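Since the structure comes first, as structure tokens, the remarks are kept for the end.
The values are calculated or read from the model by the stated rules, or taken from the named source; none is laboratory data. Since we're looking at a predicted model, the values are computed, not measured. All Cβ positions, even for glycine, are placed from backbone atoms using ideal geometry, and neighbour counts span all protein chains on display.
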Amino acid sequence: MSEAIRVGLLGCGTVGTGVLRILAENREEIVARLGTAIEVVKILVRDADKVRDPAVPRSLLTSDPREVLEADVHVIVEVMGGYEPARALLLDALSRGHHVVTANKALLARHGAELFVAADEAHRDVIFEASVGGGIPIIRTLREGLAADRIHALYGIINGTSNFMLTAMSDQGKSYADALADAQARGYAEADPTMDVGGIDAAQKLSILIAISFGLDIAFEDIRTEGIDRVTADDIRFAKRFGYTVKPLAVAKAHADGVEARVHPTLIPASTMLGSVHGVFNAVLVSSRALGPVLFYGQGAGMMPTAHSVVSDIIELGRNIQRGTSGRLPHLAFHRELVAERAQRDPRLTRCPFYLRFEVHDEPGVLAKISGILGDHGISIRQMLQETSQPGEAVPVVILTHVAQEGAVLDAIAAIDALDFVAEPTCYLRVEDLA
């Protein structure tokens with residue numbers, strides 16, 4: 001058996017502990033696949049005296065990052081999260097000739113280009129399967145499995161917290177507040193859940209998926225992003241009446257004039273594959289020219305699914321190290337100098353059906369005025385629902401449109417919301433009629 005692949009671990013929380021457990025529990029299978037063992041030789045933690053899982057060898061712990069970076073290792077694995085000190089430590093690791101594995105989607109979304117340049121200059125690799133989709137092998141599939149195809153579109157449920165909450169609202173009739181409290185009690189949501197429910201986490205992941213699917217770098221801050229906090233129990237109920245379910249969708253589509261990128265709660269048919277993805281599970285639907293639609297589904301977070309992706313990346317690097325090679329694949333799948341120039345598409349040009357919920361005072365002529373404004377903006381009505389109300393209460397009017405341009409829809413909503421009979425701002429949600 002050849003020399004073991006030696007690893008330095010930056011961080012030993014949930015995912016780091018899972019990495020150590022997999023390396024111990026699956027040692028025989030890993031050796032059989034790789035041809036040698038993977039040996040963790042040093043682990044960086046904030047508090048070396050903290051009580052930890054028995055899988056964590058206390059003799060390997062240190063709170064000094066230099067002890068990890070200066071150790072005799074082949075690979076540095078980063079599962080700390082956040083921008084700093086992770087960025088600085090990984091740049092240091094690359095400069096010392098170490099390969100890198102990271103699960104840090106936020107770091108890659110903001111500083112990935114810098115890390116990849118440093119890796120190329122050092123003739124080392126940065127592998128990042130665990131950054132998107134937890135245990136779903138979507139990164140490796142897009143970089144290698146679909147390398148011969150042209151991707152048209154991808155649709156992802158890539159934030160488990162948001163999907164758990166919308167599932168609870170749909171299946172259990174919970175309010176947004178109750179669904180959030182349940183997610184926090186189960187450990188699915190942080191005390192400050194903004195990254196998840198605000199769509200930021202999904203936007204960071206989508207920026208990575210776009211880079212390796214379309215060869216276009218889009219800052220996650222530039223992705224049209226809307227959170228699930230705008231979805232009410234009434235919206236869930238009305239969506240069901242139309243045959244839809246509401247999912248936290250990340251969408252990217254290639255057009256002749258650019259790539260559209262957006263993250264938002266979306267109505268999709270309940271009978272579709274994505275419509276049946278519930279709870280904390282993730283899924284990515286990829287549509288490509290030759291292969292057509294392919295769905296990747298599985299656990300998108302948690303100790304073992306994410307740790308599995310990390311260990312798989314170590315194994316990939318181990319194989320390269322054994323053969324003395326690096327740079328077998330471009331980090332973001334494309335040789336950038338050979339990619340046809342593309343740009344991000346103006347989100348106002350997005351075309352899809354829309355769900356519109358108006359809260360209005362029940363007066364004569366209300367429907368005529370709403371439909372008239374929609375018609376003036378080139379928006380046609382596909383279906384409509386109106387419920388009765390108690391005297392003095394606003395009544396919901398719900399409209400499902402045919403395909404319309406987003407800019408026209410937003411302009412129409414602004415005109416309607418300015419009318420005296422509108423009781424509160426209009427709720428709008430996009431619709432994707434996926435097969």
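Residues are listed down the side, and each one gets a yes or a no for (1) more than 30 Å from GLU221 (Cβ to Cβ); (2) of a type in the set (Ser, Thr, Tyr):
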site	(1), (2)
VAL40	yes, no
VAL75	yes, no
ARG87	no, no
ALA93	no, no
HIS111	no, no
ALA119	no, no
ASP125	no, no
SER131	no, yes
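The residue list SER59, SER95, SER63 contains one member that is surrounded by fewer than 19 Cβ atoms within 10 Å (Cβ to Cβ), assigned by TED's automatic domain parsing to the domain that holds VAL310 and within 20 Å of VAL126 (Cβ to Cβ), which is SER95.
Take the conditions (1) in contact with a Lys or Arg (Cβ under 6 Å, 6 or more places away or on another chain); (2) crowded, with 21+ Cβ neighbours inside 10 Å; (3) over 18 Å from LEU267 (Cβ atoms); LEU180 misses just one of them, which is (1).
Take the residues in region 340-383 that are in contact with a Leu (Cβ under 8 Å, 6 or more places away or on another chain) and in a loop (DSSP other than H, G, I, E, B), then tell me which one is nearest to GLU144 (Cα to Cα). Ranking the qualifying residues of region 340-383, first place goes to ARG342.
So that you can scan it fast, the table gives a plain yes or no per residue for (1) more than 28 Å from HIS402 (Cβ to Cβ); (2) charged (D, E, K, R); (3) buried (at least 22 other Cβ atoms within 10 Å of the Cβ):
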residue: ILE200; (1), (2), (3): yes, no, no
residue: LEU206; (1), (2), (3): no, no, yes
residue: ASP222; (1), (2), (3): yes, yes, no
residue: VAL259; (1), (2), (3): no, no, no
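Restricting attention to region 408-435, the residues that are more than 29 Å from the chain's Cα centre (by Cα) and in a loop (DSSP other than H, G, I, E, B) add up to 4. Within region 278-292, the set of residues being assigned to a loop (DSSP other than H, G, I, E, B), in contact with a helix residue (DSSP H, G or I) (Cβ under 6 Å, 6 or more places away or on another chain) and of a type in the set (A, V, I, L, M, F, W, C) comprises VAL280 only. Residues of region 143-162 that are crowded, with 18+ Cβ neighbours inside 10 Å and more than 23 Å from GLY275 (Cβ to Cβ): ARG143, LEU146.
Looking at region 150-161, can you tell me whether even one residue there is more than 19 Å from ARG262 (Cα to Cα) and touching a strand residue (DSSP E or B) at 6+ places or on another chain (Cβ under 7 Å)? Can you show your working first?
Taking region 150-161 first, the residues more than 19 Å from ARG262 (Cα to Cα) are 150.
Now narrow it down to the ones that are touching a strand residue (DSSP E or B) at 6+ places or on another chain (Cβ under 7 Å): 150.
Yes; the residues of region 150-161 include at least one that is more than 19 Å from ARG262 (Cα to Cα) and touching a strand residue (DSSP E or B) at 6+ places or on another chain (Cβ under 7 Å).
Quick check on this structure: which one of ALA239, ALA233, ALA202 is under 30 Å from ARG336 (Cα atoms), in contact (Cβ under 8 Å) with a residue 40 or more places away in the chain and outside the structural domain of THR401 (by TED's automatic domain parsing)? When all the criteria are applied, what remains is ALA202.
Hey, among ARG262, ARG342, which residue is touching a residue at least 12 places away in the same chain (Cβ under 8 Å) and either farther than 30 Å from PRO193 by Cβ or over 17 Å from the mean Cα position of the chain (by Cα) (or both)? It is ARG342. Scanning region 393-419 for residues that are farther than 17 Å from ASP346 by Cα, without any contact (Cβ under 8 Å) to a residue 40 or more places away in the chain and crowded, with 17+ Cβ neighbours inside 10 Å yields VAL395, ALA412.
Listed residues VAL126, VAL101, VAL117; which is free of Cβ contacts under 8 Å to residues at least 24 places away in the same chain and not assigned by TED's automatic domain parsing to the domain that holds ASP201? Working first, answer last.
Working: VAL126 fails: free of Cβ contacts under 8 Å to residues at least 24 places away in the same chain; VAL101 fails: free of Cβ contacts under 8 Å to residues at least 24 places away in the same chain.
Residue meeting the stated conditions: VAL117.
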